[in-house]
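Since the structure comes first, as structure tokens, the remarks are kept for the end.
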């Protein structure tokens, strides 16, 4: 089965929530967790990853919380997924540094490369603004 992890789904929900805020507003982890029914402890880890990848900003202080790190139109679905999952590959041997003892005779990578390219291209074409508008 090919699907996104729960962690990635939660990250997308959190980003949608943050993107839906009016300019200048921030969202707290508690607010996002309660609004999207996400376990708070897991959400805190997800928000750290999104901050580390500069998709969101963590603002400290009495009126602190989370805001987008850049415009929603500049954040792609690929960037959102990669922030949580790492590089997007439909099969492990598509990773550039992967070495396999079957390389001499296996054609699976070559057969699936067109699908990999289409998937990657699509994920880079969809933005957080697109996802938030849905």
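The values are calculated or read from the model by the stated rules, or taken from the named source; none is laboratory data. Note that this is a predicted model, so its numbers are computed, not measured. Please note: Cβ atoms are built from the backbone with ideal geometry, for glycine as well, and neighbour counts cover all protein chains shown.
Key figures for this structure:
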read-out: Residue 38 free of Cβ contacts under 8 Å to residues at least 60 places away in the same chain, crowded, with 20+ Cβ neighbours inside 10 Å, on the phi < 0 side of the Ramachandran plot and not in a helix (DSSP H, G or I); value: yes
read-out: Flag if residue 15 is under 9 Å from residue 66 (Cβ atoms) and part of a helix (DSSP H, G or I); value: no
read-out: Of all residues in the range 58-73 being in contact with a strand residue (DSSP E or B) (Cβ under 7 Å, 6 or more places away or on another chain) and not in a strand (DSSP E or B), the one that is nearest to residue 30 (Cα to Cα); value: 69
read-out: Single match in 43, 112 (criterion: surrounded by 14 or more Cβ atoms within 10 Å (Cβ to Cβ), assigned to a helix (DSSP H, G or I) and within 15 Å of the chain's Cα centre (by Cα)); value: 43
read-out: Odd one out for residue 132, checked against (1) closer than 30 Å to residue 43 by Cα; (2) modelled with pLDDT of 90 or more; (3) not in a loop (DSSP other than H, G, I, E, B); value: (2)
read-out: Among residues of the range 48-57, those that are in contact with a helix residue (DSSP H, G or I) (Cβ under 6 Å, 6 or more places away or on another chain) and either modelled with pLDDT under 95 or in a helix (DSSP H, G or I) (or both), counted; value: 2
read-out: Among the candidates 44, 62, 67, 11, residue that is more than 18 Å from residue 124 (Cα to Cα) and in contact (Cβ under 8 Å) with a residue 40 or more places away in the chain; value: 67
read-out: Residue match in the range 100-121 (condition: in contact (Cβ under 8 Å) with a residue 60 or more places away in the chain and in contact with a helix residue (DSSP H, G or I) (Cβ under 7 Å, 6 or more places away or on another chain)); value: no
read-out: Among residues of the range 18-32, those that are surrounded by 15 or more Cβ atoms within 10 Å (Cβ to Cβ), closer than 23 Å to residue 133 by Cβ and touching a helix residue (DSSP H, G or I) at 6+ places or on another chain (Cβ under 7 Å), counted; value: 3
read-out: Residue match in the range 84-105 (condition: modelled with pLDDT of 95 or more and either assigned to a helix (DSSP H, G or I) or surrounded by fewer than 12 Cβ atoms within 10 Å (Cβ to Cβ) (or both)); value: yes
read-out: Some residue of the range 74-81 being over 15 Å from the mean Cα position of the chain (by Cα) and surrounded by 11 or more Cβ atoms within 10 Å (Cβ to Cβ); value: no
